[in-house]
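One structure is given below, encoded as structure tokens.
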Amino acid sequence: MRKLQEYSEKEKKYMLITARETIRKALESKNYKIPAEIEIPRDCPPKLRERGAVFVTLEKIIGGEKHLRGCIGSLFARQPLIADIIEHSMNAAFHDLRFGTLKNEEFSDIEIEISVLTNPVPLEFSDYKDLLEKLNAPEDGVILLKGYGRATFLPIVWEHFKTRDGYDKERFLSELSLKAHLGPDAWKQGCKIEIYHAILVMEDEFK
């Protein structure tokens, strides 16, 4: 697996500012269309011009608690990292079909998280018990593939499956199977698994 890239505090702040400014400008202009060719800002740091894949997650703070408000991204690097951030900031805010379009009045209650991904690689395992042994929580992001079913959970999702004794890998994989529109035991029945890692960049870090 490709080693995780390291980013400076300045580069992380630039990612987050770019994501927030992208959403703010779209709200002000009421233009939620993603351009066919995304312009790279002139002041963009060189490392963020390299190809990269990200997921952008929006969480709405209600009563001091975080609630998912949008999450969309790419699993494979196909364009400059900063362009992927711009594209998926728009997608998470305005094109996640699970939620309505983000409204102006919600903007100040939104926190942004950016997961910068490594390229996925296949995980070899002999059976479902071996899969449970080889899966590393909470480091591994997981892609499950079976027939036409496909779904992923980012590494941060492991936090929802944390127990006093570690992480509930079986429930994690069952929920991932359901997300792929398969039965809850699909992960036991000849599925393919790919894994990746991620660096999480959060606005929380810079408050």
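See the values below:
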item	result
Computed log₁₀ I(q)/I(0) - Debye formula, equal Cα scatterers, no solvent, the range 151-201, q 0.18 Å⁻¹	-0.61
Normalised alpha carbon radius of gyration of the range 37-98 [divisor 2.2 N^0.38 Å]	1.25
Residue order, fewest to most surrounding Cβ atoms within 10 angstrom, among GLU175, GLU113, GLU39	GLU39, GLU175, GLU113
Ellipsoid semi-axes in whole angstrom, largest first, where each is sqrt(5λ) of the Cα gyration tensor of the range 9-118	22, 15, 13
Förster radius 35 Å - calculated FRET efficiency between LYS103 and TYR148, Cβ distance, rounded to 0.05	0.50
Coordinate range along principal axes, alpha carbons of the range 90-170, Å, largest first	50, 35, 21
Computed P(r) (all Cα pairs; the chain; 10 Å bins; percent)	8, 33, 34, 20, 5, 0
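Laboratory data are not the source of any read-out in this text; all were calculated from the coordinates shown. On a predicted model such as this, the values are computed, not experimentally measured, just so you know. In this analysis, Cβ positions are derived from the backbone assuming ideal geometry, glycine residues included, and neighbour counts consider all displayed protein chains.
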